[in-house]
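Below is one structure; the comments refer to it alone.
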Amino acid sequence: MKRNLGALTSQDYDLVVVGGGAFGCCAAWEAASRGLSVALVEQGDFCGATSANHLKMVHGGIRYLQHLDLSRVRESIRDRAALLRIAPHLVQPVPIVMPTYGYGMEGRLVLQAGLRLYDLVALDRNWGIRDPARRIAPGSLLSRGQVLDLYPELPSAGLTGAGLFYDGQFYNPPRLALSFLRAAVDVGAVATNYTEAIGFLGGQRRITGVIAVDRLTGDRLEIRGRIVLNTAGPWAAKLLHKTLGMAVPTIFSRDTGFVVRGRRTGDHALACRIGLKDPDALLSRHGRHVFLVPWRDYTLVGVWHRVHTRTPDELEVREDEIRTWLEDVNRAYPALNLRLRDVSMVHAGLTLFEDNSPDAKDLRFGKRSLLIDHREQHGLEGLVTLVGVRATTARGMAERAVDRLLAMLGRTGSSSRTAVTPLPGGRIEFFDDFLRAALREHAPRYGAKVVRSLIHNYGSEYQRVLRYAEQEPGLQTTVASSETLAAQVVLAMREEMAVKLCDVVLRRTELGTGGHPGDDVIRTCAKLMASELGWDATRQRAEIEDVLAAFAPYESRPEDARHA
């Protein structure tokens, strides 16, 4: 993939996609794979906002049983299965333990009934998944003793056992979004990052494209298309109001979680009850849960919700909030004894929500993505808006959106294949066998941890990285003390449109996705990029400052790293 802004204005497209998060990248692939000419513009970097800043769960919809919302359960199951099929290197199952305390609605029997109902609804949850390591196992019950064997220090007063169920987990959400985009580009789509849509072409009755600005150079572009699909997430309504005066009511929650060092719950995720309720649940057990989820060598903790009343650009998480959340977790599981110094990174993103008062404690969650044909709602042809709720359903919602777009364009007979077509890197039949073969061949030279990281991030295309290393021996080393090869940094710039240090550290590689990777790592990566892109010392320092801003202030060490 190359950043070629000239290609955006070289033709009229069937579809112009605004927004390069998970939903926009999926829409671009879906549309391009079904024969449409597609251009995509993203104001920042691909998957740089909410799509990357979540708990990394691929939700199968088990919680929606409480709402008796079976259609939403089925949607989640189908989309989870699709991701496990088409991206086995980036999506995997994770076991979740939910302890039960007391009896009645709080006890094991009610939870057992829910697990059995879910398994019935999800009988086809593993359709088309040949690899046992990527299949979702049925739910089961654990005895009190089994729970305490797993978590000896879990509060035992009133403990009656636990439910055990499985869901999916993203290994690296930005690389998954990038894979969707790569798939789109491979079949003809044109995409650029740091290209902001600032207006629409056309008149009062029809949109014929977008006006965009290259945020790196300030150049102004006109990108023409028969339909514009607005997938700008939290910025979607802002763009419509600012440029067209159009009011599209949307309410967003700031969903926040954080990363702590080490695996605090072993190989299982643990659901800790924190007392808040879901007011929309028709079958409600006492309280909601915060999850502690093993991820790589870390534990993800979340999610906390708060109605966001400011603009999408005014997203922040205060230190006192993190301290309060740590207290929530420590009350639920005192033995964890988490402290602020244990937090290596904070994730916050904006997701669709129901109408809640700003000070409400028991919050009503967003239930379905918005798909708006503005011809029907506002009498404006050529414009559709898609705002998603969960990254899990991005591919499925993109399929629905493109079905609508094809009908608008008068094209029929083109069916979706994205649920069964492997993404770039996803042509792996049995993941564990593939990984073992790669370790046998390459671990003696690069080390087992480096090879595992390569396989998870690049899948069946990991040899692309090694070719760079073989052609330029200086790229065979890791970036300082990390497990990322210098070759990955160069590949990100030459083939994956990385133009800033943040692009590489936070999205193209694993360098900073779990927290501050160390000053030497950041400096070394900055020097590699400076050599390739011609940065001077001033530019290097500015790029390092931008990276440090992504980490919690108590985790960053700017007095060391900024002096590159």
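The values are calculated or read from the model by the stated rules, or taken from the named source; none is laboratory data. Just so you know, these numbers come straight off a predicted model, no measurement behind them. Reconstructed Cβ throughout: ideal geometry from the backbone, glycine too, with neighbour counts over all protein chains shown.
Residue pairs whose Cβ atoms lie under 7 Å apart, separated by 6 or more positions or on different chains, with the first residue in the range 62-82 and among the hydrophobic types (A, V, I, L, M, F, W, C) and the second at pLDDT 90 or above and assigned to a helix (DSSP H, G or I), are ILE62/TYR118; LEU65/VAL73; LEU65/GLY114; LEU65/LEU117; LEU65/TYR118; LEU70/VAL121; VAL73/VAL121; ALA82/ARG395. Set side by side, the residues ALA183, ALA191, ALA177 differ, and just one is buried (at least 24 other Cβ atoms within 10 Å of the Cβ), touching a residue at least 40 places away in the same chain (Cβ under 8 Å), touching a strand residue (DSSP E or B) at 6+ places or on another chain (Cβ under 6 Å) and among the aliphatic types (A, V, I, L, M), which is ALA191. Of all the residues that make up the range 393-415, how many are more than 29 Å from LEU352 (Cα to Cα) and either assigned to a helix (DSSP H, G or I) or in contact with a strand residue (DSSP E or B) (Cβ under 8 Å, 6 or more places away or on another chain) (or both)? Final tally of qualifying residues: 0.
If you check GLY163, GLY199, GLY168 for being in a strand (DSSP E or B) and under 19 Å from the mean Cα position of the chain (by Cα), only one passes: GLY168. Contact map, the range 328-346: residues that are farther than 16 Å from TYR151 by Cα and charged (D, E, K, R) paired with residues that are surrounded by fewer than 20 Cβ atoms within 10 Å (Cβ to Cβ) and modelled with pLDDT of 90 or more, Cβ distance under 8 Å, separation 6+ or inter-chain. Pairs shown: ASP342/ARG261. Just one of the listed residues (VAL91, VAL16, VAL58, VAL97) is closer than 30 Å to LEU201 by Cα and surrounded by 19 or more Cβ atoms within 10 Å (Cβ to Cβ), and it is VAL16.
Just give me the residues in the range 463-492 being more than 25 Å from HIS516 (Cα to Cα) and under 24 Å from the mean Cα position of the chain (by Cα), in sequence order.
The answer is ARG464, and nothing else.
One residue stands out in the range 498-513 among those that are farther than 20 Å from SER481 by Cβ and either surrounded by 24 or more Cβ atoms within 10 Å (Cβ to Cβ) or not assigned by TED's automatic domain parsing to the domain that holds LYS449 (or both): the one that is farthest from the chain's Cα centre (by Cα), namely ALA498. If the condition is being part of a loop (DSSP other than H, G, I, E, B) and either surrounded by fewer than 20 Cβ atoms within 10 Å (Cβ to Cβ) or not assigned by TED's automatic domain parsing to the domain that holds VAL290 (or both), then the range 326-337 contributes only ASN337. Among the residues of the range 74-108, those identified as of a type in the set (Val, Ile, Thr), in contact with a Gly (Cβ under 6 Å, 6 or more places away or on another chain) and either assigned by TED's automatic domain parsing to the domain that holds GLU399 or at pLDDT 95 or above (or both) are ILE77, ILE86, VAL91. When the range 410-424 is filtered for residues that are within 22 Å of the chain's Cα centre (by Cα) and of a type in the set (Gly, Ala, Ser), only ALA419 remains. Which count do you get for residues in the range 415-432 that are exposed (fewer than 14 other Cβ atoms within 10 Å of the Cβ) and over 20 Å from THR392 (Cβ atoms)? Qualifying residue count, the range 415-432: 3.
Please pick out the residue among ASP124, ASP167, ASP119 that is surrounded by fewer than 18 Cβ atoms within 10 Å (Cβ to Cβ), modelled with pLDDT of 95 or more and within 30 Å of TYR101 (Cβ to Cβ). Spell out the reasoning first.
Details: ASP124 fails: within 30 Å of TYR101 (Cβ to Cβ); ASP167 fails: surrounded by fewer than 18 Cβ atoms within 10 Å (Cβ to Cβ).
Sole residue among the options that is surrounded by fewer than 18 Cβ atoms within 10 Å (Cβ to Cβ), modelled with pLDDT of 95 or more and within 30 Å of TYR101 (Cβ to Cβ): ASP119.
Of the conditions (1) of a type outside the set (Ser, Thr, Tyr); (2) in contact with a helix residue (DSSP H, G or I) (Cβ under 6 Å, 6 or more places away or on another chain); (3) not assigned by TED's automatic domain parsing to the domain that holds VAL505, ASP403 satisfies every one except a single condition; which number is it? ASP403 satisfies all of (1) of a type outside the set (Ser, Thr, Tyr); (2) in contact with a helix residue (DSSP H, G or I) (Cβ under 6 Å, 6 or more places away or on another chain); (3) not assigned by TED's automatic domain parsing to the domain that holds VAL505 except (2). Cβ-Cβ distances below 9 Å connect the following pairs, each with a first residue in the range 115-130 that is acidic (Asp, Glu), a second residue that is outside any loop (DSSP other than H, G, I, E, B), and a separation of six or more residues or different chains: ASP119/PHE165; ASP124/ILE77; ASP124/ARG78; ASP124/ALA81. One residue stands out in the range 373-414 among those that are surrounded by fewer than 24 Cβ atoms within 10 Å (Cβ to Cβ) and of a type in the set (S, T, N, Q): the one that is modelled with the highest pLDDT, namely GLN377.
The rows are residues; the columns are (1) at pLDDT below 95; (2) buried (at least 24 other Cβ atoms within 10 Å of the Cβ); (3) within 24 Å of the chain's Cα centre (by Cα); (4) not in a helix (DSSP H, G or I).
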| residue | (1), (2), (3), (4) |
| --- | --- |
| ARG494 | no, no, yes, no |
| GLY515 | yes, no, yes, yes |
| ASP520 | no, no, no, no |
| ARG523 | no, no, no, no |
| LYS527 | no, no, no, no |
| GLU532 | no, no, no, no |
| TRP535 | no, no, no, yes |
| THR538 | no, no, no, no |
| PRO553 | yes, no, yes, yes |
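Within the range 232-254, the presence of at least one residue that is part of a strand (DSSP E or B), within 30 Å of ARG339 (Cβ to Cβ) and hydroxyl-bearing (Ser, Thr, Tyr) is confirmed. I'd like to check something: does the range 34-43 contain any residue that is small (Gly, Ala, Ser), assigned to a strand (DSSP E or B) and not assigned by TED's automatic domain parsing to the domain that holds LEU300? Yes, the conditions are met somewhere in the range 34-43. When the range 171-196 is filtered for residues that are in a strand (DSSP E or B) and either assigned by TED's automatic domain parsing to the domain that holds LEU142 or over 20 Å from the mean Cα position of the chain (by Cα) (or both), the ones remaining, listed by number, are VAL190, THR195, GLU196. Looking at this structure, is ASP214 assigned by TED's automatic domain parsing to the domain that holds VAL228 and among the acidic types (Asp, Glu)? The answer is yes for ASP214. Of the residues making up the range 186-198, none is farther than 30 Å from LEU454 by Cβ, modelled with pLDDT under 95 and in contact with a Leu (Cβ under 8 Å, 6 or more places away or on another chain).
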